[in-house]
Amino acid sequence: MCEYRGKVMLIVNVASYCGNTPQYEGLQNLYKKYGPQGLVVLGFPSNEFGEQEPGTGQDIKDFCEKTYGVEFPMYEKIETNGPNAHPIYKWLKSQGPEFAGDIDWNFAKFLVGRDGKAVKRYLNGDLPESPEIVADIEAALARR
């Protein structure tokens with residue numbers, strides 16, 4: 001994750017066959033609008049919620065690009081909870097009581113500031129372009 005040092009990151013666990021999958025469009029819009037200012041959206045596919053991400057890494061990438069025009073970085077499939085949770089999710093959930101607890105579904109989001117500190121955790125139903133998330137991103141981008 002060192003390549004994102006000094007960037008604001010929105011880290012999201014994603015899935016291709018979920019009721020929240022249309023959030024890809026909002027995530028891409030945020031990336032396109034705020035990327036030049038230092039925002040990077042990071043997608044972490046996960047199949048642990050309802051087996052809604054069964055494909056290979058290439059299948060997922062192709063689906064996201066073709067269906068939603070996704071240009072932001074997408075990682076290989078991971079787990080977000082339990083002993084096999086990806087280190088980034090273990091770290092995010094250890095950043096304080098407001099970040100703790102298992103991820104409960106696809107499209108949970110974490111905002112991380114330029115300083116590498118977790119700023120906020122959002123629920124899976126919080127839409128990427130909601131006024132709250134946009135305001136938090138803009139505030140994080142303004143901090144140098």
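The length gained on full extension between Thr56 and Ala142, counted as 0.36 nm times the residue separation minus their Cα-Cα distance, comes to 27.2 nm. Summarising the amide proton neighbourhood of Asn13: residues at separation of 5 or more, or on other chains, whose placed amide H is nearer than 5 Å comprise Phe44, Phe107, Ala108. Only Lys, Arg, Asp and Glu carry charge here, each on its Cβ (+1 for the first two, -1 for the last two); on that basis the chain has a dipole of about 700 debye about its Cα centre. Listed peptides 10-23, 130-143 appear in the order 10-23, 130-143 once ranked by packing, highest mean of other Cβ atoms within 10 Å at the front. Measuring nothing but how far apart in sequence close Cα pairs (under 8 Å, 6+ apart) lie, relative to its length, the range 1-134 scores a relative contact order of 32 percent.
State the antiparallel share, in %, of DSSP beta bridges confined to the chain, rounding to the nearest 5. DSSP beta bridges in the chain are roughly 45 percent antiparallel.
The alpha-carbon of Lys90 sits under 16 angstrom from the alpha-carbons of these lysines, leaving out residues fewer than 8 places away in its chain: Lys77, Lys109, Lys117, Lys120.
A short reminder: the numbers here are calculations on the coordinates, not readings from a lab. Quick caveat: nothing in here was measured; it's all calculated off a predicted structure. Positions of Cβ are generated from backbone atoms using ideal geometry, with glycine treated the same way; all protein chains shown enter the neighbour counts.
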